[in-house]
Ligand SMILES: C[S@@+](CC[C@H](N)C(=O)[O-])C[C@H]1O[C@@H](n2cnc3c(N)ncnc32)[C@H](O)[C@@H]1O
């Protein structure tokens with residue numbers, strides 16, 4: 001009787017294991033390449049030192065947007081659901097968050113979402129193709145509040161150069177922060193940068209979802225500030 005129970009238990013755990021795998025299928029080739037489990041919505045470059053093309057990222061040609069530091073992906077998911085005719089790439093350095101986004105995308109059956117686990121500046125400066133993206137979003141990035149850490153802030157010229165180079169001729173860069181001082185610091189630098197023009201951005205101009213961080217800040221009574229920047233020089 002104990003033996004039968006044991007066999008039954010083993011069968012049950014095998015079935016559970018198979019079910020888990022079916023729930024979140026892995027990319028076998030990428031899993032082998034990286035030596036860790038890679039979900040199907042994760043984008044793993046064949047070569048991390050070569051510029052990728054859009055066709056490496058997505059099978060179909062479509063306007064493509066990037067969400068830098070996508071966190072748990074709530075913003076990315078909502079955009080991807082609202083605009084099935086566009087492609088979306090999330091970039092995030094934390095593995096746990098990348099996995100969460102991949103699982104959400106798989107559950108929602110979104111084939112227009114990919115997630116890249118990599119550092120933002122490296123990704124936009126070296127890995128992604130130039131003149132290829134219609135929109136780049138930076139939502140609630142780390143504000144690095146201490147003055148001695150301001151050098152780590154993304155919103156300065158080397159970042160602007162890289163974003164500018166990735167956008168197509170009609171492309172836009174959209175920035176949103178809860179941190180007032182970081183907003184002023186960024187707006188001043190953007191105003192001095194000649195290759196983008198800031199344009200007005202009213203709430204109902206287009207669908208723009210709220211990210212997890214935005215909801216958290218709003219619950220604490222904070223409001224967020226936006227910059228919408230159009231590419232003006234090629
Ligand atoms: C404050 S959270 C905001 C997340 C999301 N954008 C939102 O609004 O809910 C910042 C995110 O950016 C990621 N991040 C910070 N610096 C990064 C970098 N240099 N490269 C890639 N991801 C980064 C963090 O891991 C984190 O998930």
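FYI, it's all coordinate maths here, none of it is from the lab. This is a predicted model, so every value here is computed, not measured. Glycine also receives a Cβ, built like all others from the backbone with ideal geometry; neighbour counts cover every protein chain displayed.
For the chain, with a Gaussian network of springs between Cα atoms less than 10 Å apart, report the residue from 30, 219, 132 with the top mean-square fluctuation.
Maximum among the listed residues: 219.
Given the peptides 75-82, 40-47, arrange them by the average over their residues of other C-beta atoms within 10 Å, most packed first.
Packing order, densest peptide first, comes out as 75-82, 40-47.
Across bins of 10 angstrom width beginning at 0, how are the C-alpha pair distances of the chain distributed, in whole percent?
Percent of Cα pairs in each bin: 7, 29, 34, 17, 7, 4, 2, 0.
For the stretch 39-231, what is the relative contact order in percent, using Cα pairs closer than 8 Å and at least 6 residues apart in sequence?
For the stretch 39-231, the relative contact order is 22 percent.
Rounded to the nearest 0.05, what FRET efficiency do residue 28 and residue 180 give with R0 = 30 Å and r taken as the Cβ-Cβ distance? Could you check?
E between residue 28 and residue 180, to the nearest 0.05, is 0.05.
Quick one: if you stick a label point 7 Å off each Cα along the C-beta vector at residue 187 and residue 53, how many nm between them?
Taking the two extended label points, one gets 4.3 nm.
What is the helix-to-structure angle for 2-23, meaning the angle in degrees between its Cα long axis and the longest Cα principal axis of the chain, kept from 0 to 90 and rounded to the nearest 10?
On a 0 to 90 degree scale, this one is about 30.
Can you tell which of 181, 203, 172 shows the greatest fluctuation in a Gaussian network model of the chain with Cα springs below 10 Å?
Of 181, 203, 172, the Gaussian network model singles out 203 as fluctuating most.
GNM, the chain, Cα, under 10 Å: largest mean-square fluctuation among 27, 72, 204?
The residue that fluctuates most here is 204.
If you take every DSSP beta bridge fully contained in the chain, what fraction is antiparallel? Give it as a percent rounded to 5.
Bridges in the chain are about 30 percent antiparallel.
Give the peptides 90-102, 151-163 in descending order of average Cβ contacts within 10 Å, highest first.
Highest mean packing first, the order is 90-102, 151-163.
Suppose only helical runs count, i.e. DSSP H with n ≥ 4. What mean residue ellipticity at 222 nm does that imply for the chain under -39500 (n - 2.57) per run, divided by all residues and rounded to the nearest 500 deg cm²/dmol?
Computed mean residue ellipticity for the chain: -11000 deg cm²/dmol.
Please label the shape of the stretch 125-234 as rounded, prolate or oblate, based on the square roots a ≥ b ≥ c of the eigenvalues of the alpha-carbon gyration tensor (a/c under 1.5 means rounded; beyond that, a/b larger than b/c means prolate, else oblate).
Here the stretch 125-234 falls in the oblate category.
Put a dot 7 Å past each Cα toward the Cβ at residue 86 and residue 234; how far apart are the dots in nm?
Output for this residue pair reads 2.3 nm.
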